[in-house]
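A short worksheet on the structure shown next.
The values are calculated or read from the model by the stated rules, or taken from the named source; none is laboratory data. This one's a predicted model, so the numbers in the text were calculated from it and none came from an experiment. Here the Cβ positions follow ideal geometry from the backbone for every residue, glycine too, while neighbour counts run over all protein chains shown.
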Amino acid sequence: MVLNQDTQDEIDAIEAIYPELIKELPGDRLDIKVPQHEEFTVQISFPSTYPDTEGPHIVEVVVDKEHEKYYDLKYLKYLFGDVMDSVFHKGQVCVYDFLTELDGVLYIEEDQEEDNELDQDLSARLAELTSNPLDGWSISEPVFDRGSTFVGFACHVKNEEEAFHKLALLKTDNKLKRANHIMIAYRIKGDDNGVVFSDCDDDGEAAAGGRMLHLITLMDAWNVIVAVARWFNGTHIGPDRFKHINSTAREAVIKGGFVSCNKIGAHHSKKKK
């Protein structure tokens, strides 16, 4: 197996982390058992132009005998290829990112049988949320798009400690425990000394937290923590996810009364221009 230095360094690093899961093959190919999902083995090949201009190729995906009856191998190959395409950027190695992304995708795939009614069930479950650990949270309507579900939450807080406490309670809900991402942003103005606290967290959904913080800043919403939960079945929806994250966050902020009618109208007018 003769590879360029960047590729060999990447393989060596992955092999150091998962020494039992990688098998090198002739012809610039590699068999990898997917970490945390070792019933799946993916064979990838490295074109000579990787990582400069072209990503690794998915040669095949194999499932062990115990689980193979549950999966369509052609679909899995397509799915793995889609994930690889989503993480590859010219000039950057991507196999470790590919394996990390697969963890979230396969978690959903493995639980698909019991989860295939998640979207239908989620609306009914949301009605119960405010009587559980979510007292005080305003909740948006869910947005469904190609297997992804987005729900926004907003809650009044007086300081960072209360914000972190409210967020921790939010995450104890059974459905929210299964969300793939819970992005947050908060903006707090101290009563005593006027000190401003603001921060955000993407939770793996790159740039989402910053967009949410920008949104609540434009809305002039204060003393609020906003969270958007996303459940993801493996289908990538591209930039549309940011539209859904912002719309559900905005709805939760408005429902919670954190912004005046004048501010809502002004923000809406700016968006139309």
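Points to keep in mind about this one:
- Among the residues examined, Leu3 does not qualify as surrounded by 13 or more Cβ atoms within 10 Å (Cβ to Cβ), closer than 22 Å to Asn180 by Cβ, aliphatic (A, V, I, L, M) and touching a residue at least 40 places away in the same chain (Cβ under 8 Å).
- The residues of the stretch 129-154 that are crowded, with 18+ Cβ neighbours inside 10 Å and at pLDDT below 90, listed by number, are Leu129, Leu134.
- Odd one out for Val226, checked against (1) touching a helix residue (DSSP H, G or I) at 6+ places or on another chain (Cβ under 9 Å); (2) at pLDDT below 95: (2)
- Exclusive hit being closer than 30 Å to Tyr75 by Cα, under 24 Å from the mean Cα position of the chain (by Cα) and either at pLDDT below 95 or not assigned by TED's automatic domain parsing to the domain that holds Asp97 (or both), set Gly210, Gly234: Gly234
- Subset of the stretch 155-185 that is over 19 Å from the mean Cα position of the chain (by Cα) and closer than 20 Å to Glu251 by Cα - its residue that is surrounded by the most Cβ atoms within 10 Å (Cβ to Cβ): Cys155
- Checked against (1) in a loop (DSSP other than H, G, I, E, B); (2) free of Cβ contacts under 8 Å to residues at least 12 places away in the same chain, Ala168 passes all but condition (1).
- Test: Leu126 is closer than 21 Å to Arg230 by Cβ, modelled with pLDDT under 85 and outside any strand (DSSP E or B): yes
- Restricting the stretch 70-95 to residues that are over 18 Å from the mean Cα position of the chain (by Cα) and part of a loop (DSSP other than H, G, I, E, B), the residue that is surrounded by the most Cβ atoms within 10 Å (Cβ to Cβ): Val93
- Of the listed requirements (1) of a type in the set (S, T, N, Q); (2) crowded, with 16+ Cβ neighbours inside 10 Å; (3) part of a helix (DSSP H, G or I), Thr41 misses just one: (3).
- Under the condition of being closer than 13 Å to Ala249 by Cβ and modelled with pLDDT under 95, the residues counted in the stretch 188-207 number 1.
- Count of residues meeting criterion [part of a loop (DSSP other than H, G, I, E, B) and over 23 Å from Leu79 (Cβ atoms)] in the stretch 1-27: 8
- Scanning the stretch 41-52 for any residue that is within 24 Å of Glu20 (Cβ to Cβ) and at pLDDT below 90 turns up nothing.
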